[in-house]
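The values are calculated or read from the model by the stated rules, or taken from the named source; none is laboratory data. For clarity, every value in this text was computed on a predicted model and none was experimentally measured. No Cβ is skipped: glycine too gets one built from the backbone with ideal geometry, and neighbour counts run over all protein chains shown. Calculation scope for accessible area: heavy atoms of the full protein, side chains included, ligands and nucleic acids excluded. Shrake-Rupley method; radii C 1.70, N 1.55, O 1.52, S 1.80 Å.
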Amino acid sequence: MNSGKARKTRKIRIGKVVIGGNSPIAVQSMAATQTQNLEATARQIEVLEAAHADIIRIAVDSEKDVEALRILRKQFPESVWSVDLQENYRLAPIVAPWVDKIRYNPGHLYHLEKDKTICEKVQFIVNAAMDNDCAIRIGVNCGSVDPDYKERYKDDLVESMVRSAVDHCQMLDQMGFENYCVSLKDSESQKVVDANRRFAKERPDVPLHLGVTEAGLPPEGIIKTRIAFEQLISAGIGDTIRVSLTLPNDDKGQEIEVGREILKDISEGRFRSVPENFLEGLNIIACPSCSRVENDKFVDLAQDVRKMTEYAAKYKLTIAVMGCRVNGPGETDDADLGLWCGPTRVNLKKGIEELGSFSYEEILGQLKKEIDQMIQDKFPQTVS
Ligand code: SF4
C-alpha cells in the first residue's frame, strides 16, 4: 500500500520483498521467543505468517541460535527473514545463508574485539551479506547509541543518532554495498520524527525502516507509533515499518494488523487525533520483547506495572520496563524510574541511579514506594 507523498529512496531487495521507491511499504515484526526454543519460535513464525507479515526478524546471539535458525529454515523455506545482531557481529557469515537481511546495531559493535576498527567489523558484515545475497539494515537505537557519538553530540541525542547512521551509510557506500536501509528509533514519537526527517534530508536515497522503539502496551503504544508514522509517511518518509508492541507471544500478529491499519488510514487521509493531554500524564515505555528477554514473566510484569500505576496516571512521569540488558540499562537512563529484567531479579533505577535488584514478587511493591516518593518530591502541591 502506498501512502502519502512520493518517496525518493532507491529500491533494495530483501529476499523476495522489494522496498524503496514506489514499492509498497513493507510491514514487519519480530519474534519474541527464545530462538533456541524451536517449538515456540516455529509457533511465533506461524502467528506472524498468518498475520501476513512481509518480513520477520529473529534475534541471534550465539552459534546455538544460528543452528536453531538453520533447522527452522527447513520448516519455513519461503518466509522472508531478517536476523537481529547486536554485540556478536561475528555470527554474520554463519547466519547469513539462512536469512534475507542482517540488521546490525552500530551502537553495539564496540563491545567485542576492541583491537579491530568499527570499519573492519562493518566490512566483515558486508562480506557476509554480499556472499549470501542479503540486505543490511543499519539499526540505530536511542538506548544504545555508539558512545563516541553520544559524547560528541552530548547536547543533541537525535544528532548523535543521525551522524552515526550517516557515517555507517558512507562506510557501506565506500565498500560498494548498496542493498541496505537504515532505522533511527527512539521511544519518543517526536524524536523519531525529528531523526528520520534529518536523515532523509541528508540521504534521501536510502530506504528507511520506521519504528517507535519500546512503544509499549496497546493502546498507548499504538498511539505513540501513529503520531510518528502519520507525520513521516504522509511526507514520503518510510519504506518499511515495525510497530513495537508489548504483547503475549500469541498476539504478536497484532503488530502487523495495526501497521496495515495505520498505512490504510494514512493513504485514505484519515489521521487520528491524539487524545487531549495524552503526553501530559504517566508515560510507560516497554520493549516488545525478543529472544533476549531474560525471563518469560516480562510481558506480565509490564502489564502489572501499567495496572498498578493507574492511580498515578495524572503525573508527568516516565516509567521504563525493559526485557534485558541489551537496551535495558540505556533506555532506563532517560526514564524517571526504570526496570530492566534479569533471569531471577529485576533491576530498579531512578534515572541513572541504580536502586538495587528485587525478586519478581517484590518489584511492584518497591516500584510503588519509589513512585509515591517521587510524586511527593516532584508534585508536592498535589499531595495532601
Ligand atoms: S530490551 Fe532486550 S528483550 Fe527487550 S526488545 Fe530489546 S533486546 Fe529484546
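Of all the residues in region 345-375, those that are assigned to a helix (DSSP H, G or I) and over 16 Å from Val299 (Cα atoms) number 11.
Between Glu78, Glu67, Glu87, the distinction of being under 26 Å from Lys150 (Cβ atoms) and assigned by TED's automatic domain parsing to the domain that holds Val18 belongs to Glu87 only. Screening region 318-330 for residues that are at pLDDT below 85 and within 7 Å of the ligand (Cβ to nearest atom) and picking the one that is nearest to Ser144 (Cα to Cα) gives Asn327.
Of all residues in region 32-53, count the ones that are open to solvent by less than 50 Å² (accessible area, probe 1.4 Å) and either closer than 20 Å to Asp205 by Cα or out of contact with any Ser or Thr (no Cβ under 7 Å at 6 or more places or on another chain) (or both). Don't jump to the end; show me each part of the working.
So in region 32-53, the residues open to solvent by less than 50 Å² (accessible area, probe 1.4 Å) come out as 32-33, 35, 40-42, 44-45, 47-48, 51, 53.
When the remaining residues are screened for being either closer than 20 Å to Asp205 by Cα or out of contact with any Ser or Thr (no Cβ under 7 Å at 6 or more places or on another chain) (or both), the result is 42, 47, 51.
Final tally of qualifying residues: 3.
Among residues of region 13-30 that are within 16 Å of the ligand (Cβ to nearest atom), those with a Cβ under 6 angstrom from a residue that is at pLDDT below 95, sequence gap 6+ or separate chain, pair up as Met30/Cys290.
When region 189-215 is filtered for residues that are buried (at least 22 other Cβ atoms within 10 Å of the Cβ) and part of a loop (DSSP other than H, G, I, E, B), the ones remaining, listed by number, are Val206, Pro207, Gly211, Thr213, Glu214.
All conditions but one from (1) among the basic types (Lys, Arg); (2) modelled with pLDDT under 95; (3) out of contact with any strand residue (DSSP E or B) (no Cβ under 7 Å at 6 or more places or on another chain); (4) in a helix (DSSP H, G or I) apply to Lys154; the one that does not is (4). Tell me whether region 98-109 contains one or more residues that are open to solvent by less than 60 Å² (accessible area, probe 1.4 Å), free of Cβ contacts under 8 Å to residues at least 12 places away in the same chain and among the acidic types (Asp, Glu). Taking every residue of region 98-109 in turn, none turns out to be open to solvent by less than 60 Å² (accessible area, probe 1.4 Å), free of Cβ contacts under 8 Å to residues at least 12 places away in the same chain and among the acidic types (Asp, Glu). Checked against (1) under 23 Å from Met161 (Cβ atoms); (2) part of a loop (DSSP other than H, G, I, E, B), His52 passes all but condition (1). Under the condition of being open to solvent by 60 Å² or more (accessible area, probe 1.4 Å) and at negative phi, the residues counted in region 112-145 number 11.
For region 343-359, a residue qualifies if it is over 24 Å from Gly281 (Cα atoms) and open to solvent by less than 10 Å² (accessible area, probe 1.4 Å), and exactly one does: Val346.
Return the residue satisfying two criteria in turn: it lies in region 284-317 and is under 29 Å from Asp65 (Cβ atoms) and without any contact (Cβ under 8 Å) to a residue 40 or more places away in the chain, and of such residues it is farthest from the ligand (Cβ to nearest atom). Here the residue is Asp300. Considering region 3-31, and only residues there that are surrounded by 21 or more Cβ atoms within 10 Å (Cβ to Cβ) and at pLDDT below 95, the residue that is nearest to Ile102 (Cα to Cα) turns out to be Arg7.
Does region 170-178 contain any residue that is modelled with pLDDT of 95 or more and within 29 Å of Glu230 (Cβ to Cβ)? Among the residues of region 170-178, not one is modelled with pLDDT of 95 or more and within 29 Å of Glu230 (Cβ to Cβ), which makes the answer no. Taking first residues from region 168-182 that are open to solvent by 40 Å² or more (accessible area, probe 1.4 Å) and partners that are at pLDDT 95 or above and outside any loop (DSSP other than H, G, I, E, B), the Cβ contacts under 8 Å between residues at least 6 apart in sequence or on separate chains come to Glu178/Ile12; Glu178/Leu172.
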